[in-house]
Each structure stands twice: as structure tokens, then as C-alpha cells.
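Inspection log for the structure reproduced underneath, given as C-alpha cells.
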Amino acid sequence: MKNVFLKIVIFIFIFITFSNICFSSIKLGVDVFFEKDFKKLKGKNIGLITNHSAIDRSFKPTIDKFLENKELSLKAIFSPEHGIDGDIYGGEKIKNSNN
């Protein structure tokens, strides 16, 4: 029994260590965009195609990243069939909104 427990603990330790090494070097596209490329769009009108699952590395919604950046001008948000929050049933009509 102790042997099985020890193997489980070692497995978990190796898994966590390996995960941290692998995932620490992965960058999401939105993170790379805001680190390097967003200044290319400064002063231009931007339309964002996104949905509720689009987040950055710290789990901040992509829409919020664009809205909070004062150098970017987010003019339109395009979302898939199930709406920007993913709470609309398939086939249900969604009205356009202008805010």
C-alpha cells in the first residue's frame, strides 16, 4: 500500500513539474498580439471575431483586453451562432446590437 502511494506521489510530482516546464513557454495568440503587434493597428477601426471562450493567459476575456487598451479602436464585435456569451440556443434569432 505504501509503495502504491509513493508511486502516485512521484507521478503527481513529475506531472506537475513537466506541465510547468512545457506550458510556461506557450503563449496564446492574443498575448503575442498585445506584446508585439497591436501598435500596428493604432488609430484604425477594428472588428473582432470572437466568442465567450477567447481569453488571454491570465483568463481575461479578449474583448476586455481590446476595450481596455486606449490605443485601439474596437468598433465591432462579431460572434458565432450561439452569441457572444454562448448562451443562445442553435437556430435562435439574434438581433444585431449597437452600443
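Miscellaneous remarks
- Assuming charge only on the beta carbon of Lys and Arg (+1) and of Asp and Glu (-1), the dipole of the chain about its Cα centre is about 340 debye to the nearest 20.
- The chain: relative contact order in percent, alpha carbon pairs under 8 Å with at least 6 residues between: 23 percent
- Annotation: amide H-H contacts under 5 Å for ASP56 (H modelled 1.01 Å from N, sequence separation of 5 or more, or interchain): THR62.
- Close Lys pairs in the range 28-78, defined as Cα atoms under 19 Å apart and 8 or more places apart or on different chains, number 18.
- C-alpha long axis of helix 2-23 to longest principal axis of the chain, angle in °: 30 degrees
- Aspartates and glutamates whose Cα lies under 12 Å from that of LYS93, excluding same-chain neighbours fewer than 8 positions away: GLU81
- Label of the coordinate-derived value, Cα Rg over 2.2 N^0.38 Å, listed as (1) 1.61; (2) 1.55; (3) 0.95: (1)
- Under-5 Å amide H pairs with ILE77, H placed in peptide plane, nonlocal only: LEU48
Read-outs: derived from the displayed coordinates by stated rules, not from any lab. For clarity, every value in this text was computed on a predicted model and none was experimentally measured. So basically every Cβ, Gly included, is an ideal-geometry build from the backbone, and we count neighbours across all protein chains shown.
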